[in-house]
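In what follows, a structure is listed as structure tokens, so that the remarks can point back to it.
Just so it is clear, none of the values below were taken in a lab; they were calculated from the coordinates. What you are looking at is a predicted structure, and each value in this text was computed from that prediction instead of being measured. Glycine also receives a Cβ, built like all others from the backbone with ideal geometry; neighbour counts cover every protein chain displayed.
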Amino acid sequence: MKYIDEYRDPGLVRGLLDAVAIVAAGIDRPVTLMEICGTHTHAIGRYGIRRLLPKNLRLISGPGCPVCVTSIADVDRALYLAGLPDVIFATFGDMLRVPGTDGESLQRLRATGADVRVISSAADAVRFATENPGRQVILMGIGFETTTPTVAAAILSARRRGIENFTVFSVHKTVPQAIGALIDDPEMKIDGFICPGHVSIITGVEAYERIPMAGRAAVITGFEPADVMEGILMILRQIAEGRYEVAIQYARGVKEQGNPRARGVMAEVFEPGDADWRGLGVISGSGLRIRREYEGFDALNRFALPQIHSVEFRGCRCGEILRGVMAPAECHLFMKACTPSNPVGPCMVSSEGTCAAYYKYERSG
Amino acid sequence: MCIAFPGKILTIDKDNFAVIDISGTQREVSLDIVDEPVTVGDYVICHAGYAIQRIDEEVALEKLSFLRELIDNEIY
């Protein structure tokens, strides 16, 4: 398996771990790092990395699971759209079990007759539209910079082919604004950020420039064990030397300038708007809405949405967990009322949610 | 959600779709948003049905051997 096995080599990981221990010992204080991306949270759990780290080094999970940060109001709106007659609602699988108000979910709607289809590519939704000319296909546009260009490309291809029964409900969000909000939050004490590898393939280093400006370390990191270890090592060295910059560990995929073509496709279709993040609240300019030129592909334009009274489940602490100020074990529902087979909050639903990763890999502590 | 995999391009069709091999599994991905020319045999990082970046083999090999050297010589 090229570009995978090499980065799972135990000897390499052990060597990096030794180096981490040496550098961490030289920093004579507790150090807190945040992995922003849910895929990192999952990798850190899966490879048991947390348990291997020196005592003064703490990893906390951030708001980097798009499903988890989708507000309950947006979940409810998705549920409304999916329940409309003659609609095919296409969604990535992660979204299926996310509960809205009163525990309703896409999965439950599907069980009662709604045509909810799980896709693995935005292009699948366009295909449903061509195969079902008499029906409306709505794609749940969810995700960060990694995913948004693929949805934008699907809209462009629908337009090129004159497809009119295809729209997107966009709850897309952008990562740099959320990082800005974390940096500005006085409750947050983060010394360095493990920056998301795949988001950065698109954005490049520019997305993170606020981090070193705020005197924190930033390293764009890959997802294999050797990647994560080296990323942590690079962050610790920045902290030890007091020299902050956005560095790239994941150089086989991430270029400094990112992927300008994908950004161009994204900017052609979407423009910045405000977005409501679960846990972080409304962050101005952190959402992406469909531009007027493409309003024919905007589900919010095609369908009239009523006012929905959305209510969060009481006791759910996903908000605090997404900001990294609370660990899953500190939530009273964790592993009791809230488990992967019966999730209360989105952090337990998505396989990359912080609570799901902790439940699966780190229950013993 | 931002999960992505490295895959090797096996074929490319006229609609700019490629069949790629990801550790023995074959999948079809669109090449519409990769930002440099790719050909059969190249490795690309794929996310949600789209190739999003060509893997720079030279950079990858060079970095890996450099890292091994640092580790082996305990320079880190």
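So here's what we get for this one:
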quantity	calculated
Cleavage-rule hits (trypsin sites (Lys or Arg not before Pro)) in region A:31-87: DSSP loop, at most 15 neighbouring Cβ within 10 angstrom	A:K55
Choice from A:I49, A:I321, A:I202 with maximal GNM fluctuation in chain A (Cα, 10 Å cutoff)	A:I49
B:D13, A:D227, B:D21 arranged by Cβ crowding within 10 Å, fewest neighbours leading	B:D13, B:D21, A:D227
Charge dipole magnitude, Cβ of K and R +1, D and E -1 - chain A, Cα centre, debye nearest 20	520 debye
Among the listed pairs A:K2/A:K255; A:K173/A:K255; A:K2/A:K55, those beyond 28 Å (Cα-Cα)	A:K2/A:K55
Additional length obtainable on full extension of the chain from A:L305 to A:R8, 0.36 nm per residue less Cα span	102.1 nm
Of A:E131, A:E320, A:E256, the one that fluctuates the most in a GNM where chain A has Cα springs shorter than 10 Å	A:E131
Choice from A:T41, A:T221, A:T339 showing the highest fluctuation, given a GNM over chain A with Cα pairs closer than 10 Å	A:T339
Where N is the number of residues in region A:111-240, Cα Rg divided by 2.2 N^0.38 Å	1.40
Length added when fully stretched, A:V282-A:R29, from 0.36 nm per residue minus Cα-Cα	87.7 nm
Neighbourhood net charge (11 Å Cβ-Cβ; Lys/Arg +1, Asp/Glu -1) for A:G281	-1
Ratio of Rg to Rh over region B:5-72 (Cα coordinates, Kirkwood Rh, two decimals)	1.08
Gyration tensor over alpha-carbon atoms, region A:31-316, equivalent ellipsoid semi-axes in Å	35, 21, 17
Rotationally averaged projected area of region A:248-346 (alpha carbon convex hull; nm²)	10.4 nm²
